[in-house]
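Undergrad: Dropping a structure here in structure tokens format, bear with me for questions.
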Amino acid sequence: MERMTKFLAWLSAGILLLILVLMVQDIFVNSLRHFDFSFLSQDPLSGGRKGGIFPIIISTLLILGVCMIVIVPMGLGTALFLSEYSDEHPKVVHIVRKALEILSGVPSIVFGLFGNALFCVFLGFGFSIWSGGLTLAIMSMPLFIRTVEEGIRTIPKNYRLVPLSLGLGRTTTIRSIIIPYALPFVIVGGVLSIGRSLAETAALIFTSGYVDRMPESLSDSGRALSIHIYDLTMNVPGGDTNAYKTAMVLIVLIFITNGLFTIVLKTWYKKRIIL
Amino acid sequence: MYQLTKKNKDFILESVLTINGLFSAIAVGLIFIFVTRESLPAIHLKGWAFFIDKSWYPLEGQFNVLPMIAGTIFVSLGALILASPLGLFSAIFISFYAHGSLAWPFRRVVELYAGLPSVIFGFWGLMKLVPMLNEIRPPGQSLLAGILILALMIFPIITLNLMANFRPSSKKYYRVALSLGMRKSTYIWSILLPSLKQQIVGAMILALGRAMGETMAVLMVCGNIVKMPTSIFDPIRTLTANIALEMAYAMNEHRSALFFTGLILFLLIFVLISVADFWRRHESWKE
């Protein structure tokens, strides 16, 4: 039994590691063979078969930007509410927690349908970076809030009691003590949400759309990196090489955000963060 | 908390934060309302036709969704069957068999699996896995391909959930068990896992929910033919893939039908989350 368990544990770990290595290696080898840095600075030609992905990178960044502008203030507010006001409003806090739990489980394609119905059609934004960013914001909100709230909960109780005993109001306490303390968690939560949003495809197909030209404003449609990969592999015959290259760019971006997360976590605020 | 006098700005902040907090609840409500609103015409017009029509020919007004519901269920159950042992044993590996310096890197590997975009899984599946399956039995884009790729995507949920449960409460019992001369495996199989039954089921249900909602990966490797599968090598189309494929050109009744399938998914996942929540709420270690 002991040997069996040990064997199976090592076996599954080995298989998983092997598959990950194969997957990443396949994508890197196949794209590095033709990779050239001009790929990052050129416009896509003939449906993406030739040329680069410059406008697509810009669209992706714009979508992420819209998403973060919404998430950071609203998410921080909700996290503060959940952690600081749970004694005064237990019922509301309960409802909000349930809602966040449901939100984090809703399939991304349903977010896509919802974003299409609300932002594109009902509010008349059409296929645009606005629609895509706002849909993504609602989608990655739970992850951000959970990270920030867990962080705020590590603040020692004294930090709240001492200002009160000195006659400082709640607002002052939150503004000058809680929020500065929570700042690293906001950064970590932001980085995690960026990673989640970069990975998203299904919610963006019918909110931010397919157009692979350079977006002129936020109400233009813009194609995200993940959609570009999907489109090149499924709808464009002969788009494989560029799909490989785009996949590598996306993986590198995800690695960077993941690495950033670890670095922030490990070194910058070493003493405070316990996750 | 212990504040006796409240200033005006404290009231303002409190109400602003409360309203802001309620936004998440409003968002859930909005999702439900909008998806339902858009699917009402189809429910109104077609009703039970969704389950008794001849097939899925949206352009001819035939909307039978049963083959796609079957596709979703087969592919996600299959993935769950593969992912459960993978998740369980990799959690055991990290918590008990990996030596200190190995545990952390391997944990990062599992987190990386969780963080990789589904479109990358789908892309790799289409480029490497599908041709391999095609050699065994054509066409390659099949239920099996979907199961294999999905299993890789959902096992981290089980691993990370179980590890969170392994860690905090079990250290004490583990030491006692070791001091009694038990072997690791005896401890794992007869003490740890039996006490975590509910949590394991909860994690599995969560993983199932994720598998059912997954779109891009299954869309790319499953072949997308609307037909009841008769073998594991048959191509299938899932509910999610169907929405992603047809939303681009769907009009009127067809569009509404797609929203209806989205509503089915939303409700299914809602039920699954509630059930998982119920299971995971159980106390894990009884003193």
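Undergrad: Can you name the number of the only condition in (1) in contact (Cβ under 8 Å) with a residue 60 or more places away in the chain; (2) assigned to a helix (DSSP H, G or I); (3) facing chain B (nearest Cβ under 9 Å) that A:GLU200 fails?
TA: (2)
Undergrad: Provide a single number: the residues in segment B:250-269 that are within 11 Å of another protein chain (Cβ to nearest Cβ) and either surrounded by fewer than 16 Cβ atoms within 10 Å (Cβ to Cβ) or small (Gly, Ala, Ser) (or both).
TA: Total meeting the criteria: 4.
Undergrad: Give me the residue from segment B:39-55 that is farther than 11 Å from B:ALA257 by Cβ and touching a strand residue (DSSP E or B) at 6+ places or on another chain (Cβ under 9 Å) and, out of that set, least open to solvent (accessible area, probe 1.4 Å).
TA: Per the criteria, the residue is B:SER55.
Undergrad: Answer with yes or no whether B:ASP53 is within 9 Å of chain A (Cβ to nearest Cβ) and without any contact (Cβ under 8 Å) to a residue 24 or more places away in the chain.
TA: No.
Every residue, every condition in (1) modelled with pLDDT of 90 or more; (2) away from every other protein chain (no Cβ under 12 Å); (3) under 26 Å from A:GLY222 (Cα atoms); (4) not in a helix (DSSP H, G or I), yes or no:
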{"residue": "A:ALA99", "(1), (2), (3), (4)": "yes, no, no, no"}
{"residue": "A:PHE111", "(1), (2), (3), (4)": "yes, no, yes, no"}
{"residue": "A:GLY115", "(1), (2), (3), (4)": "yes, no, yes, no"}
{"residue": "A:GLY132", "(1), (2), (3), (4)": "yes, yes, yes, no"}
{"residue": "A:LEU143", "(1), (2), (3), (4)": "yes, no, yes, no"}
{"residue": "A:ARG146", "(1), (2), (3), (4)": "yes, no, no, no"}
{"residue": "A:VAL188", "(1), (2), (3), (4)": "no, yes, no, no"}
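Undergrad: Which condition does B:ILE205 not pass, out of (1) free of Cβ contacts under 8 Å to residues at least 40 places away in the same chain; (2) within 11 Å of chain A (Cβ to nearest Cβ), if it passes all the others?
TA: (1)
Undergrad: Take the residues of segment A:124-172 that are among the aromatic types (Phe, Trp, Tyr) and closer than 25 Å to A:ILE102 by Cα: which is surrounded by the fewest Cβ atoms within 10 Å (Cβ to Cβ)?
TA: For segment A:124-172, the residue satisfying everything is A:TRP130.
Undergrad: Here are A:SER104, A:SER59: which of them is open to solvent by 10 Å² or more (accessible area, probe 1.4 Å), in a helix (DSSP H, G or I) and among the polar types (S, T, N, Q)? Write out each step before concluding.
TA: Values: A:SER59 fails: open to solvent by 10 Å² or more (accessible area, probe 1.4 Å).
On inspection, the qualifying residue turns out to be A:SER104.
Undergrad: Give the residue that is farthest from the other protein chains (Cβ to nearest Cβ), with candidates limited to residues of segment B:56-75 that are free of Cβ contacts under 8 Å to residues at least 40 places away in the same chain and open to solvent by 90 Å² or more (accessible area, probe 1.4 Å).
TA: My answer is B:GLU60.
Undergrad: Also, I was wondering about something else. Name the pairs: first residue in segment B:248-264 and within 18 Å of B:SER55 (Cβ to Cβ) and among the basic types (Lys, Arg), second residue part of a helix (DSSP H, G or I) and modelled with pLDDT under 90, Cβ to Cβ under 8 Å, at least 6 apart or on different chains?
TA: From residues that are within 18 Å of B:SER55 (Cβ to Cβ) and among the basic types (Lys, Arg), there are no pairs.
Undergrad: Could you please give the count of residues in segment B:96-128 that are at the interface with chain A (Cβ under 7 Å from one of its Cβ atoms) and of a type in the set (D, E, K, R)?
TA: Total meeting the criteria: 1.
Undergrad: Among B:GLY223, B:GLY181, which is over 22 Å from the mean Cα position of the chain (by Cα) and at positive phi?
TA: Answer to the check: B:GLY181.
Quick grid of which residues meet (1) among the basic types (Lys, Arg); (2) more than 15 Å from the chain's Cα centre (by Cα); (3) open to solvent by 10 Å² or more (accessible area, probe 1.4 Å); (4) at the interface with chain A (Cβ under 10 Å from one of its Cβ atoms):
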residue	(1), (2), (3), (4)
B:PRO229	no, yes, yes, no
B:ASN242	no, yes, no, yes
B:LEU272	no, no, yes, yes
B:ASP277	no, no, yes, yes
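Undergrad: Quick one: in segment B:169-184, which of the residues that are at pLDDT below 85 and polar (S, T, N, Q) is farthest from B:ALA98 (Cα to Cα)?
TA: Ranking the qualifying residues of segment B:169-184, first place goes to B:SER169.
Undergrad: Next question, about the same structure. Within segment A:204-218, can one find any residue that is more than 9 Å from every other protein chain (Cβ to nearest Cβ), touching a helix residue (DSSP H, G or I) at 6+ places or on another chain (Cβ under 6 Å) and part of a helix (DSSP H, G or I)?
TA: Yes, segment A:204-218 has at least one match.
Undergrad: Could you give every pair whose Cβ atoms fall below 6 Å, whose first residue belongs to segment A:32-55 and is at pLDDT 85 or above, and whose second residue is hydroxyl-bearing (Ser, Thr, Tyr), counting only separations of at least 6 or pairs across chains?
TA: That search, which allows pairs on different chains as well, returns A:ILE53/A:THR246; A:PHE54/A:SER41.
Undergrad: Can you tell me which of A:PHE39, A:PHE28, A:PHE35, A:PHE7 is open to solvent by less than 40 Å² (accessible area, probe 1.4 Å), over 21 Å from A:GLY132 (Cα atoms) and of a type outside the set (Gly, Ala, Ser)?
TA: Only one candidate passes the filter, namely A:PHE39.
Undergrad: Among A:LEU18, A:LEU64, which is the only one that is open to solvent by 80 Å² or more (accessible area, probe 1.4 Å) and either part of a strand (DSSP E or B) or under 25 Å from B:LEU112 (Cα atoms) (or both)?
TA: When all the criteria are applied, what remains is A:LEU18.
Undergrad: Could you say whether any residue in segment A:221-229 is touching a Gly at 6+ places or on another chain (Cβ under 9 Å), open to solvent by 10 Å² or more (accessible area, probe 1.4 Å) and at pLDDT below 90?
TA: yes
Undergrad: Okay, moving on. Can you tell me which residues in segment A:67-97 are open to solvent by 40 Å² or more (accessible area, probe 1.4 Å), modelled with pLDDT of 90 or more and either facing another protein chain (nearest Cβ under 7 Å) or not in a helix (DSSP H, G or I) (or both)?
TA: A:MET74, A:ILE95 - these are the residues of segment A:67-97 that are open to solvent by 40 Å² or more (accessible area, probe 1.4 Å), modelled with pLDDT of 90 or more and either facing another protein chain (nearest Cβ under 7 Å) or not in a helix (DSSP H, G or I) (or both).
Undergrad: Of the conditions (1) surrounded by fewer than 23 Cβ atoms within 10 Å (Cβ to Cβ); (2) in contact with a Leu (Cβ under 7 Å, 6 or more places away or on another chain); (3) not in a helix (DSSP H, G or I), A:PHE261 fails just one. Which one is it?
TA: (3)
Undergrad: Do we find that B:SER90 is open to solvent by less than 40 Å² (accessible area, probe 1.4 Å), closer than 13 Å to B:MET163 by Cα and out of contact with any strand residue (DSSP E or B) (no Cβ under 9 Å at 6 or more places or on another chain) in this structure?
TA: Judged against the criteria, B:SER90 is a match.
The values are calculated or read from the model by the stated rules, or taken from the named source; none is laboratory data. Only a predicted model underlies this, so the values are computations on that prediction, with no experimental measurement involved. Heads up, the Cβs are rebuilt from the backbone with ideal geometry, glycines too, and the neighbour counts pull from every protein chain shown. With ligands, DNA and RNA removed, areas are computed over all heavy atoms of the protein, side chains included. Shrake-Rupley method; radii C 1.70, N 1.55, O 1.52, S 1.80 Å.
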